[in-house]
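Report on one structure; see the data block that follows.
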Amino acid sequence: MKLSVVIVCWNDREALKDCLQSIYAGTHGTDFEVIVSDNGSVDGSVEFVRQTYPEVRVIENGANLGFAKGSNAGIQASTGQYVLILHPDTVIHDGALDRWVEFADRHPEAGGFGCRVLNPDGSDQMAPRPFPTLRGYWIAALYLWPFAHLSDTFHSDTYVGWNGDSERQIDCQADCCILLRGNVLKRFNGFDEQFFYQYAAADLCRRLGDAGYSIAYTPAAIVTHLGSYSANRFPIRFKLEKYRSRYRYFYKHFGPRGAIRCRRATLAGIRIRQLGYTMLNFIRPKDAVTKRLELFRAVAEWNQRVNPVHLVEHGADTSDHRVDPA
């Protein structure tokens, strides 16, 4: 088998329709299999896949294991020379997988491969990116990146002067769609399963880089990513899981002080956004603005309460009613 496509699903039935259709309609010369790793969906996702795409292998995990652990379940079942980790809220452009695999065959030195990722409006998501840094996170948290045209100082973990139009080596690719060499992926035991939501791909790419593997990028393979399909339905829970994964990443790669500094940036950024939305709510009250303020209050309270070092070292429950209002 040349390619295994692993899709982690959690109540993503509607998104899966377009995702799977694009894979089967747009892949022409590559031998591939599709594995859906389902994290306890109750919206008929499993039934839809089995009825519409009986050739797809479905793994029922029985609960929401998160992105990394759900992906690993699919990786273990995969048989492909390459493994594509794909979010369900993506659409593969015609011929993209064929060109991506051809590109990978030409780069035996690489352990992973990035592609061009577009927003639904056709703008570039810049999924290929440098490794996350504390400096870059501070810039993003303080909302300084709009001033990047004034000085490179304000660039937030992006490749300055590059628009994604050319092949190159990159540090990492966003986890919405990343192609990995199957034998390398299994040798590294897949993703670190402590990353529930986000940062898992950045962590894996860093581990691959430390072992001497490069990550190669091609603009010839194009994917459209809707973005935050599940997170938009449960904003507080996914926000907190993102913070938790971020703390783990900076703790793992920058030590306890890295996690503490990350928390400072997080709280500063939340306060700035609270102030902005409070002013907006005063000038022009709207339900959407009120909901954003409620979200920021909840995540500010959680971030003030937790010790990021203790959170990483001992774990914490982020699934109670305070963070999952479903």
Top-ranked residue in the stretch 29-48 [being closer than 25 Å to Gly112 by Cα and of a type in the set (Val, Ile, Thr); ranked as surrounded by the fewest Cβ atoms within 10 Å (Cβ to Cβ)]: Thr30
Yes/no for Ala211 being surrounded by 23 or more Cβ atoms within 10 Å (Cβ to Cβ) and at pLDDT 95 or above: no
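At pLDDT below 95 and either closer than 30 Å to Pro235 by Cβ or not in a helix (DSSP H, G or I) (or both): is that true of Asp192 in this structure? Before you say what the answer is, go through the steps one by one.
Working: at pLDDT below 95: no; either closer than 30 Å to Pro235 by Cβ or not in a helix (DSSP H, G or I) (or both): yes.
Considered against the rule, which asks whether it is at pLDDT below 95 and either closer than 30 Å to Pro235 by Cβ or not in a helix (DSSP H, G or I) (or both), Asp192 comes out as no.
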Given (1) exposed (fewer than 13 other Cβ atoms within 10 Å of the Cβ); (2) touching an Asp or Glu at 6+ places or on another chain (Cβ under 9 Å), index of the condition Pro256 fails: (1)
Selected residue [assigned to a helix (DSSP H, G or I) and crowded, with 22+ Cβ neighbours inside 10 Å] from Gly70, Gly136, Gly112: Gly70
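Can you tell which of Ser41, Ser71 is polar (S, T, N, Q) and either closer than 22 Å to Asp94 by Cα or in contact (Cβ under 8 Å) with a residue 40 or more places away in the chain (or both)? Spell out how you get there, then give the answer.
Numbers: Ser41 fails: either closer than 22 Å to Asp94 by Cα or in contact (Cβ under 8 Å) with a residue 40 or more places away in the chain (or both).
None of the other options fit; the residue is Ser71.
Right, Pro88: without any contact (Cβ under 8 Å) to a residue 12 or more places away in the chain and not in a helix (DSSP H, G or I) or not? Spell out the reasoning first.
Working: without any contact (Cβ under 8 Å) to a residue 12 or more places away in the chain: no; not in a helix (DSSP H, G or I): yes.
So Pro88 does not fit the description; no.
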Of residues in the stretch 174-189 being touching a Phe, Trp or Tyr at 6+ places or on another chain (Cβ under 7 Å) and charged (D, E, K, R), the one modelled with the lowest pLDDT: Asp175
Single match in Ile236, Ile222 (criterion: part of a helix (DSSP H, G or I) and crowded, with 17+ Cβ neighbours inside 10 Å): Ile236
Output for the stretch 161-173, where each listed residue is at pLDDT 95 or above and either of a type in the set (Gly, Ala, Ser) or over 14 Å from Pro219 (Cβ atoms) (or both): Ser166, Asp171, Cys172
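Going by the conditions given, is Gly80 more than 23 Å from Phe48 (Cβ to Cβ) and not in a loop (DSSP other than H, G, I, E, B)?
Values: more than 23 Å from Phe48 (Cβ to Cβ): yes; not in a loop (DSSP other than H, G, I, E, B): no.
Judged against the criteria, Gly80 is not a match.
Matching residues to (1) of a type outside the set (Ser, Thr, Tyr); (2) closer than 22 Å to Asp98 by Cβ; (3) surrounded by fewer than 18 Cβ atoms within 10 Å (Cβ to Cβ); (4) under 20 Å from the mean Cα position of the chain (by Cα):
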position	(1), (2), (3), (4)
Trp10	yes, no, no, yes
Glu14	yes, no, yes, yes
Leu20	yes, yes, no, yes
Tyr24	no, yes, yes, no
Thr27	no, yes, no, no
Arg50	yes, no, yes, no
Val56	yes, yes, no, no
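The values are calculated or read from the model by the stated rules, or taken from the named source; none is laboratory data. Source: prediction; values computed, not measured. Glycine gets a Cβ as well: all are built from the backbone with ideal geometry, and neighbour counts include every protein chain shown.
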